[in-house]
Amino acid sequence: MMQATLVLIKPDGLKKSLTGNVLTRLSETKLDIVAARIVKVSKALAENHYIQLKDKPFFDELLKYLMGEYHKKKVMALVYYGEDAIDKVRKICGATNPEEADPVSIRGAYGRITTKGVYENVIHASTNEQESEREIKLWFQPDEIIVDLYPTKNSKEKIDRRVWA
Ligand code: DAT
Ligand code: MG
């Protein structure tokens, strides 16, 4: 089944110059990158991204981590697209807990648990199609993705936005 999945290289990955390593590992999947951007993550975006974990005791620390409070204030967001993209990417990422992850997976090789108990696991990848659609729509606008993944509509709203001077 053709699928799209959201990948985030988290602030620890950028701080540790792991972008190249992570992208090289992901290229083993032979999937297509159909969108990419560098994002300074707001609190609202971090909260929305991890909304299903809002009642967890580690939620506030998780938000700080994704916003880059402990590393660099940036995340690299990508959309990978192709046959069984979700499982292929998750497999290379490894388990959520970097100490339990397969040592040759991205999280097993590069992740760590901080003394505060935060899993600094370098990469995010969607776990199912419902999650990937929600997440991709959160991180990307339709025109930032080079394939048509989901239905779109025309919007004539006048929005205030910054343009080149
Ligand atoms: P995953 O990122 O593997 O999809 P998740 O969605 O359950 O895992 O959790 C999102 C992130 O929250 C995860 O990458 C790291 C952090 N996290 C999850 N469980 C945790 C725990 N028990 N202690 C600390 N951080 C945790
Ligand atoms: Mg998850």
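The values are calculated or read from the model by the stated rules, or taken from the named source; none is laboratory data. What you see is a predicted model, and the numbers here were worked out from it, not measured in a lab. Cβ sites come from the backbone with ideal geometry, for glycine too, and all protein chains shown count toward neighbours.
Scanning region 81-119 for residues that are basic (Lys, Arg), within 11 Å of ligand 1 (Cβ to nearest atom) and either at pLDDT 95 or above or crowded, with 19+ Cβ neighbours inside 10 Å (or both) yields a total of 2. Whether a residue is surrounded by 13 or more Cβ atoms within 10 Å (Cβ to Cβ), near ligand 1 (Cβ under 9 Å from one of its atoms) and under 18 Å from VAL34 (Cβ atoms) was assessed, and SER132 does not pass this test. Looking at region 103-137, which of its residues are within 14 Å of ligand 2 (Cβ to nearest atom), part of a helix (DSSP H, G or I) and closer than 21 Å to GLU69 by Cα? Across region 103-137, the qualifying residue is only ARG107. Screening ASP12, ASP55 for residues that are at pLDDT 95 or above, surrounded by fewer than 17 Cβ atoms within 10 Å (Cβ to Cβ) and among the acidic types (Asp, Glu) leaves exactly one candidate, ASP55. Selection of region 26-38 for residues being more than 15 Å from the chain's Cα centre (by Cα) and in contact (Cβ under 8 Å) with a residue 12 or more places away in the chain yields GLU28, THR29, LYS30, LEU31, ASP32. Does VAL41 count as touching a Gly at 6+ places or on another chain (Cβ under 7 Å), touching a residue at least 12 places away in the same chain (Cβ under 8 Å) and assigned to a helix (DSSP H, G or I)? Judged against the criteria, VAL41 is not a match.
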